[in-house]
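K.L.:
Below is one structure. I have some questions about it.
Read-outs throughout are calculated quantities, based only on the coordinates presented, and are distinct from any laboratory measurement. Here the structure is a predicted model, which means the values were calculated and not measured. With ideal geometry, Cβ positions are generated from the backbone for all residues, glycine too; neighbour counts draw on all protein chains shown.
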Amino acid sequence: MNKVSVMQEIDYITDTYCVDCPIINDLRQKRGKPGAHKFCIESCTVGEQLQFLGRELMKVNNK
Ligand code: SF4
């Protein structure tokens with residue numbers, strides 16, 4: 001994957017799933033931002049995919 005395609009994929013995923021995510025909005029109110037962020041990282045498959053793409057971006061940036 002090149003840098004542009006990784007960034008486009010990240011944008012697409014966040015726009016599609018994260019921008020209006022009802023789970024994160026609910027968790028922010030109940031657990032605060034750090035708790036909600038923790039859920040994204042540890043318990044959401046979308047968050048898992050974003051982390052994967054973030055690592056891919058680091059790899060292409062370091063080439
Ligand atoms: S990573 Fe998952 S829980 Fe977090 S905002 Fe995106 S879709 Fe919602």
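K.L.:
Hey, can you tell me all the residues within segment 4-46 that are of a type in the set (Gly, Ala, Ser) and either surrounded by 15 or more Cβ atoms within 10 Å (Cβ to Cβ) or within 11 Å of the ligand (Cβ to nearest atom) (or both)?
P.N.:
Residues satisfying the conditions are Ala36, Ser43.
K.L.:
Could you list, ordered by first residue, the pairs with Cβ atoms under 6 Å in which the first is in segment 23-51 and free of Cβ contacts under 8 Å to residues at least 24 places away in the same chain and the second is surrounded by 11 or more Cβ atoms within 10 Å (Cβ to Cβ) and of a type in the set (Phe, Trp, Tyr), at least 6 apart or interchain?
P.N.:
Leu27/Phe39
K.L.:
Of all residues in segment 20-42, which are of a type in the set (A, V, I, L, M) and over 22 Å from Glu56 (Cα atoms)? It would help to see each step written out before you state the result.
P.N.:
Kept after step one, since they are of a type in the set (A, V, I, L, M), are these residues of segment 20-42: 23-24, 27, 36, 41.
If the condition is that a residue be of a type in the set (A, V, I, L, M) and over 22 Å from Glu56 (Cα atoms), then Ile23, Ile24, Leu27, Ala36 are the ones that fit.
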